[in-house]
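Report on the structure given below.
The values are calculated or read from the model by the stated rules, or taken from the named source; none is laboratory data. Treat the numbers as computed from the prediction; the structure is a model and nothing was measured. Cβ: placed from backbone, ideal geometry, glycine included. Neighbour counts: every protein chain shown. We work out accessible area using only protein heavy atoms, side chains counted, and drop any ligands, DNA or RNA first. Shrake-Rupley method; radii C 1.70, N 1.55, O 1.52, S 1.80 Å.
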Amino acid sequence: MMKNIRFSNLERTKIIQEISKETYDLVVIGGGITGGGIVLDAASRGLKVALVEKGDFASGTSSKSTKLIHGGLRYLKQFDFWLVKEVGSERAIVHNLAPHLVLPEKMLLPLIENGSYGKWLTSIGLKVYDVLAQVTGDDKRKMLEKKEALKLEPLLPKKILKGAGYYAEYRTDDARLTIETIKTSLQFGAKALNYAEVTGFRYENEKVAGVILKDVLSGTDFEIKSKYVISAAGPWVDDLRAVNNSKKGKRLHLTKGVHLVFPYEKLPVKQSVYFDIPDGRMMFAIPRGKVTYIGTTDTNYLNDKDHVETDLADAMYLISAVNNMFPSINLELDDIVSSWAGLRPLIHEEGKSASELSRKDEIFVSDTGLISIAGGKLTGYRKMAERVVNRIAKKMEENYNQEFEECTTAEIPLCGNDFKKYKHVKKYIEEVYVRIKEDGFSKYNAWFLVTNYGIQTESILDYYSKQKGDTKEVRLALAELHFGFDFEMVQNPMDFFIRRTGRLYFEIESVRELMDPVLSEFKKVYKVDDSQIANWRDGLNAQIEIHSNFSLNRV
């Protein structure tokens, strides 16, 4: 079992002093899954690497995806076989890296009259998918007759249903996948810092030789020296290219994707469903714990990248699509308990609509040597990292006569993984449940802990045994919080409630219930004044309102 390496903003001053003194082989800008993948790949090959992120880790696109590690079945329709092969093959690899966090999820694809997918095309398509993605055993696709499909999912529309495709995908928590990837890179000597914004670049002999940063928390400026810099800043890649005076040629095309969350009983699907929308697009309905979430939209986005919100039109579009597919379901705006909206940093192609744009990643290199990577999908993060680190390794060999090994990240288990197979995860959930049910906790609590933290649940239960609190729920949440303070760079309540635990999305009521004790703990640990606590409380209440209130007067 990997030992937890301390990773705490309580030591922020020391971290900044250390990274300011060193010269790194590589600085990675962007603490999303792409940047996390790059820092782990580079560090595990022996490069000296630092990662910086202007907000919290995974606070951009990497906490706002559909949270699936999936093969991109729809890309077969665009004849993008290369993308299907790569991300399809990656699914099983990423599952093995973190089987507690990347969970097998059967997907039902209903075939309806005049739908996007006919029976023959679906059968052939799923077969090609199996071959390209190297799917084996029980995970191979099955074609179901109407009766079988209705048995699996009684909510489907009897009148127009013709059958279904049934195949395997994986569900994850994208933000936790990101933080665990970054934490794993620390085992190889990498350094990482959140709330550190790149404001400029250092240059030597007209080549990029590091970054100039602003510590978002203290306002002070500092520099990091490095031989190479990779920008994996997602939607902000073009902003940094502009700072580097290299925003020419290909550019980003941002599209917005929205997801809505409902209580499970309002949309009680028995497994994930990938279904037709009347406008010709497809969308998902995915059960998760106490809720079902649906998505996504795909619309052009030109507004503030730091404040992406779900608007009324997005919500009504998704709700009407669900009500259209499931005749007995009648979702309303008031049923929404939470939501999220994120941006896809795609590569612009003239004349193509948001949905038609390729999901392939691209690498840009400026005249001054800034390397930027954009596009791509969550599932393909490891291969994106491998491609861009291969370039750095080649440059290091050519310019510094240093040789580095090939990528080995397919064999590096992520933090929290002490499981050979998914069945061991299920067994561990049972073990944890037996231990915590004496205190009145449910099976759900055991599932939540293990699918968030894996074997690190042991550390959290250790913290729990030492916690004081009014209720067992508060004590357990504070145990998670202290784990976050010590090992996951939690700096403010949003980091904790949104990106480390997913509570704002999947258990929004608990945010209201835990707000006061969590804020009290922040006050104690970070020694902040009452006005900061009031700001955080206002911020949390604003987040709850933005994510869950969809009255008709919302614009």
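List of remarks:
- Scan of the stretch 452-463 for residues that are hydroxyl-bearing (Ser, Thr, Tyr) and buried (at least 23 other Cβ atoms within 10 Å of the Cβ), ordered by number: 453, 457
- Condition check for residue 435: modelled with pLDDT of 95 or more, over 30 Å from residue 507 (Cα atoms) and assigned to a helix (DSSP H, G or I): no
- Residues of the stretch 16-37 classified as part of a helix (DSSP H, G or I) and either of a type in the set (Ser, Thr, Tyr) or touching a Ser or Thr at 6+ places or on another chain (Cβ under 9 Å) (or both), total: 7
- Residue match in the stretch 96-110 (condition: assigned to a strand (DSSP E or B), farther than 30 Å from residue 162 by Cα, out of contact with any Asp or Glu (no Cβ under 7 Å at 6 or more places or on another chain) and in contact (Cβ under 8 Å) with a residue 12 or more places away in the chain): yes
- Boolean, residue 475 is assigned to a helix (DSSP H, G or I) and surrounded by fewer than 20 Cβ atoms within 10 Å (Cβ to Cβ): yes
- Cross-chain or 6+ apart pairs with Cβ under 8 Å, the stretch 338-350 first and closer than 24 Å to residue 498 by Cβ, then open to solvent by 10 Å² or more (accessible area, probe 1.4 Å) and among the acidic types (Asp, Glu): 341/309; 341/314; 344/298
- Residue check for residue 528: part of a loop (DSSP other than H, G, I, E, B), surrounded by fewer than 21 Cβ atoms within 10 Å (Cβ to Cβ) and aliphatic (A, V, I, L, M): yes
- In this structure, residue 205 does not qualify as farther than 30 Å from residue 71 by Cβ and surrounded by 23 or more Cβ atoms within 10 Å (Cβ to Cβ).
- Residue check for residue 336: open to solvent by less than 20 Å² (accessible area, probe 1.4 Å) and either among the acidic types (Asp, Glu) or at pLDDT below 95 (or both): no
- Within the stretch 215-230, restricting attention to residues that are part of a strand (DSSP E or B) and not β-branched (Val, Ile, Thr), the residue that is most open to solvent (accessible area, probe 1.4 Å) is 221.
- Residue 125 open to solvent by less than 30 Å² (accessible area, probe 1.4 Å), closer than 22 Å to residue 67 by Cβ and of a type in the set (Gly, Ala, Ser): no
- For residue 136, the conditions (1) out of contact with any strand residue (DSSP E or B) (no Cβ under 8 Å at 6 or more places or on another chain); (2) open to solvent by 60 Å² or more (accessible area, probe 1.4 Å); (3) within 30 Å of residue 492 (Cβ to Cβ); (4) not small (Gly, Ala, Ser) are fulfilled apart from (3).
- In the stretch 247-357, counting only strands (runs of 3 or more DSSP E) that sit wholly within it, the ones holding 1 or more residues that are more than 20 Å from residue 117 (Cβ to Cβ) span 252-263, 282-288, 291-295, 338-347.
- Subset of the stretch 297-324 that is in contact with a strand residue (DSSP E or B) (Cβ under 8 Å, 6 or more places away or on another chain) and over 10 Å from residue 258 (Cα atoms) - its residue that is most open to solvent (accessible area, probe 1.4 Å): 302
- In summary, residue 469 fulfils each of the numbered conditions (1) part of a helix (DSSP H, G or I); (2) without any contact (Cβ under 8 Å) to a residue 60 or more places away in the chain; (3) within 26 Å of residue 6 (Cβ to Cβ) with the single exception of condition (1).
- Positions within the stretch 141-185 being among the aliphatic types (A, V, I, L, M), part of a strand (DSSP E or B), touching an Asp or Glu at 6+ places or on another chain (Cβ under 9 Å) and farther than 15 Å from residue 272 by Cα, in sequence order: 161
- Unique residue being closer than 18 Å to residue 183 by Cα, over 19 Å from the mean Cα position of the chain (by Cα) and touching a residue at least 12 places away in the same chain (Cβ under 8 Å) when the list is 459, 510: 459
- No other residue among 33, 38, 5, 29 is closer than 30 Å to residue 397 by Cβ, surrounded by fewer than 23 Cβ atoms within 10 Å (Cβ to Cβ) and under 25 Å from the mean Cα position of the chain (by Cα) apart from 5.
- Search result, residues across the stretch 47-71 that are more than 13 Å from the chain's Cα centre (by Cα) and either modelled with pLDDT of 90 or more or under 30 Å from residue 229 (Cβ atoms) (or both): 47, 48, 49, 50, 51, 52, 53, 54, 55
- Selection status of residue 504, touching a strand residue (DSSP E or B) at 6+ places or on another chain (Cβ under 9 Å), modelled with pLDDT of 95 or more and closer than 20 Å to residue 56 by Cβ: yes
- Residues that are touching a His at 6+ places or on another chain (Cβ under 7 Å) and open to solvent by 30 Å² or more (accessible area, probe 1.4 Å) within the stretch 348-370 comprise just one, 348.
- Of all residues in the stretch 249-267, those that are over 14 Å from residue 296 (Cα atoms) and open to solvent by 30 Å² or more (accessible area, probe 1.4 Å) have Cβ atoms under 7 Å from Cβ atoms of residues that are at pLDDT 95 or above and among the acidic types (Asp, Glu), 6 or more apart or on another chain, in 251/238; 266/335.
- Yes/no for residue 397 being open to solvent by 60 Å² or more (accessible area, probe 1.4 Å), under 30 Å from residue 211 (Cβ atoms), modelled with pLDDT under 95 and not basic (Lys, Arg): no
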